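Below: the structure, in structure tokens.
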Amino acid sequence: MKILYFVLFFYPLFNFQSQKLSRIDSLISTKDLENFIRNDENKINYFLTVDDKINYDRYCNVIADSLKLKQTWGKADFDNNGLTDVLVTGTDSEGAKTIYILDKGDHFESKNVSKGKLYEQCEFSAVKNNKIEYYSVKVLDRYGSLSKLIKENLIYKNGDFIEENPNPKRHNILEIEFITRGSHWDRSTTKIEIISNRDITWTLDDDEYRKTYFSQLSKEKFKEIIDLLNYIDFENLADDYSVGYSDAGTTTLKITYDNLKVKTINDYGGMGTRGLRKLYDSLLDLKKTSNNNN
């Protein structure tokens, strides 16, 4: 009976301690959030002024008012680790900027969600169901042509926010060919080829030398790349993307899949979609985790 009494009396206290508020849970006001971001101990990579309403330019203000955004920040557990994260829109010397801050337990991870004025005239964000509702007016070309207001649902996957795909297909990926070419002033080229037996080849080429590396991906890394490729629905992406400025590098992605179907995506500036950018980064990072043989 004494043991039972001990458990019944003290268990709620232990449980309360295990559920105590995290640093982000305790943020109540915009001022709290601004102080949190500016606290050097938290090592947030951005210096933002956070207000109850963002002072956009006149064009973007009209859209912001029409969206009826209630606040400039919101909380959720984006990465599903049981700790509360936060999405916040503030201003810096360049104007409005949206970042997310993830609570990783022993540190905070922060990253920019906004693409910047070179790519988007306006951007607005809200938190809904552990996802980001992201609205933007995109810059279509170097002459300043603008898109209509676009809404995207962004989900945290593979260490970044990408466009949500609620029903990804499963293709049989036979070969991946990925080429990055420098701009007019940088003529270097990187080519990565991966085939279905997990063999991978890198070819590095510039004006001075050409070098080739061979390796084999682990099952885990290969699956990670294939799963991401299927998730971003590569088959239905556009064949061509282009940023609205000149002298950018070009990325080409060629996928051979299923019954020898081929999908080729040319991406001038490498900013096609968030999912594509994440795939590009993941492919380039493979060299760090593979055992290379010259």
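The values are calculated or read from the model by the stated rules, or taken from the named source; none is laboratory data. The shown structure was predicted, so the numbers you read here are calculated from the model rather than taken from an experiment. Here the Cβ is made from the backbone with ideal geometry for all residues, glycine too, and neighbour counts use every protein chain on show. Accessible surface is based on the protein model in full, side chains and every heavy atom, while ligands, DNA and RNA are left aside. Shrake-Rupley method; radii C 1.70, N 1.55, O 1.52, S 1.80 Å.
From the list ASP57, ASP141, exactly one residue is more than 15 Å from the chain's Cα centre (by Cα), under 27 Å from PHE36 (Cα atoms) and at pLDDT below 95. Which is it?
Details: ASP141 fails: under 27 Å from PHE36 (Cα atoms).
Every option except ASP57 fails the conditions.
Which residue, of LYS111, LYS169, LYS115, is under 25 Å from ILE44 (Cα atoms) and either open to solvent by less than 30 Å² (accessible area, probe 1.4 Å) or assigned to a loop (DSSP other than H, G, I, E, B) (or both)? Step through it out loud before you land on a result.
On the way: LYS111 fails: either open to solvent by less than 30 Å² (accessible area, probe 1.4 Å) or assigned to a loop (DSSP other than H, G, I, E, B) (or both); LYS169 fails: under 25 Å from ILE44 (Cα atoms).
After applying the criteria, what remains is LYS115.
Looking at GLU120, GLU152, can you tell me which residue is open to solvent by less than 30 Å² (accessible area, probe 1.4 Å) and under 18 Å from LEU67 (Cα atoms)? First the steps, then the outcome.
On the way: GLU152 fails: open to solvent by less than 30 Å² (accessible area, probe 1.4 Å).
After applying the criteria, what remains is GLU120.
Please enumerate the residues belonging to the stretch 205-224 that are surrounded by 11 or more Cβ atoms within 10 Å (Cβ to Cβ) and not basic (Lys, Arg).
Going residue by residue through the stretch 205-224, those that are surrounded by 11 or more Cβ atoms within 10 Å (Cβ to Cβ) are 205-206, 212-218, 221-224.
Listed by number, the residues that qualify are ASP205, ASP206, THR212, TYR213, PHE214, SER215, GLN216, LEU217, SER218, PHE222, GLU224.
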Inset, instruction - Check TYR241, TYR231 and return the single one that is touching a residue at least 24 places away in the same chain (Cβ under 8 Å), touching an Asp or Glu at 6+ places or on another chain (Cβ under 8 Å) and surrounded by 15 or more Cβ atoms within 10 Å (Cβ to Cβ). - result: TYR241
Inset, instruction - Identify all residues within the stretch 75-107 that are open to solvent by less than 60 Å² (accessible area, probe 1.4 Å), within 14 Å of ILE54 (Cα to Cα) and not aliphatic (A, V, I, L, M); write none if there are none. - result: THR89, GLY90, THR91, ASP92, GLY95, LYS97, THR98
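So, in the stretch 123-149, how many residues would count as being part of a strand (DSSP E or B) and either open to solvent by less than 60 Å² (accessible area, probe 1.4 Å) or of a type in the set (Asp, Glu) (or both)?
Initial filter on the stretch 123-149 (part of a strand (DSSP E or B)): 123-128, 131-139, 146.
In the following step, the residues that additionally are either open to solvent by less than 60 Å² (accessible area, probe 1.4 Å) or of a type in the set (Asp, Glu) (or both) were identified as 123-127, 131-139.
Going through the stretch 123-149 one residue at a time, the tally reaches 14.
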